[in-house]
Amino acid sequence: MGKRESRVNPPTKKKIKLDTCFTCPFCNHAGTVECDMDKKRMTGVAFCYIFKESYGTTIHANGFMSVNG
C-alpha cells in the first residue's frame, strides 16, 4: 500500500504594507509628511509637520492615495 497524498493549503496572500512617512514636496525635509487613511470613510490625509499644511483626498478601492495631486 502506498502513502496518501498530503493536502497542501494554498499560500495566503500577503498584505501590502504602505509607507506612512514621506519627504515633503515643498520643503524637502525627510520624514515630515505623515499620511493617515480612513478606510471606512474612504478618505486620506497627508500632513507636513514643518509647514503645518495638510492635503486630504478620497482613496480608491485599492487603497493608494495620490499625494502629489
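Selection of segment 37-69 for residues being exposed (fewer than 13 other Cβ atoms within 10 Å of the Cβ), within 21 Å of Ile16 (Cβ to Cβ), modelled with pLDDT of 85 or more and hydroxyl-bearing (Ser, Thr, Tyr) yields only Thr58. Note on segment 10-36: residues that are modelled with pLDDT under 85, assigned to a strand (DSSP E or B) and of a type in the set (A, V, I, L, M) amount to 0. Mind listing just one residue for me: the one in segment 5-36 that is open to solvent by 70 Å² or more (accessible area, probe 1.4 Å) and touching an Asp or Glu at 6+ places or on another chain (Cβ under 9 Å) and, of those, nearest to Lys52 (Cα to Cα)? Among them, the one singled out is Phe26. Looking only at segment 5-33, residues that are of a type in the set (S, T, N, Q) and in contact with a strand residue (DSSP E or B) (Cβ under 8 Å, 6 or more places away or on another chain) come to 3 in all.
The values are calculated or read from the model by the stated rules, or taken from the named source; none is laboratory data. Given the structure is predicted, the values throughout are model-derived calculations rather than measurements. Positions of Cβ are backbone-derived with ideal geometry, glycine not excepted, and every protein chain shown enters the neighbour counts. To get the accessible areas, we keep the full protein, side chains included, count just its heavy atoms, and leave off ligands, DNA and RNA. Shrake-Rupley method; radii C 1.70, N 1.55, O 1.52, S 1.80 Å.
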